[in-house]
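Shown next, in C-alpha cells, is the structure this report addresses.
Every number here is computed from the coordinates shown, using simple stated rules; none is lab data. As the structure is a prediction and not an experimental result, all values here were calculated from the model. Reconstructed Cβ throughout: ideal geometry from the backbone, glycine too, with neighbour counts over all protein chains shown.
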Amino acid sequence: MAQLTIYLDPETQRKVEAAAKRESISLSRWARERLSKAADIESSAAWDHLSLFSGTIGDDFQLPSRDPQHRVVSSLDS
C-alpha cells in the first residue's frame, strides 16, 4: 500500500484525531476512507452539484456571486 505524507496545522490535526477517535478507527484508516470518497468522481458533491445544471444553462444564466469566505481549491493536476 502506498504512503502519503501530509502537513496539517495544529487545529486541523486535533479535529482529525478527534474524528478518528469518535469512530474508533486509526487515523490512517480515517484519512484513507475520506480521501477515497473525495477522489471518487461519481460520489463527489461538486460533480453532483454541477450535473444539476448540465445542459440546462440558457443564455440568460448568471453565476451567483462567490462568498468571500469560501476558499478556492487549486487544481490537483498541476
- request: Describe numerically, in nm with one decimal, the distance between label points set 7 Å from Cα along Cα→Cβ at Arg71 and at Arg29.
  value: 2.8 nm
query: Taking 0.36 nm per intervening residue step and subtracting the Cα-Cα distance, what contour gain separates Arg22 from Ala2 on full extension?
result: 4.7 nm
- request: May I ask you to sort Asp59, Asp40, Asp67 by Cβ crowding, counting other Cβ atoms within 10 Å and putting the fewest first?
  value: Asp59, Asp67, Asp40
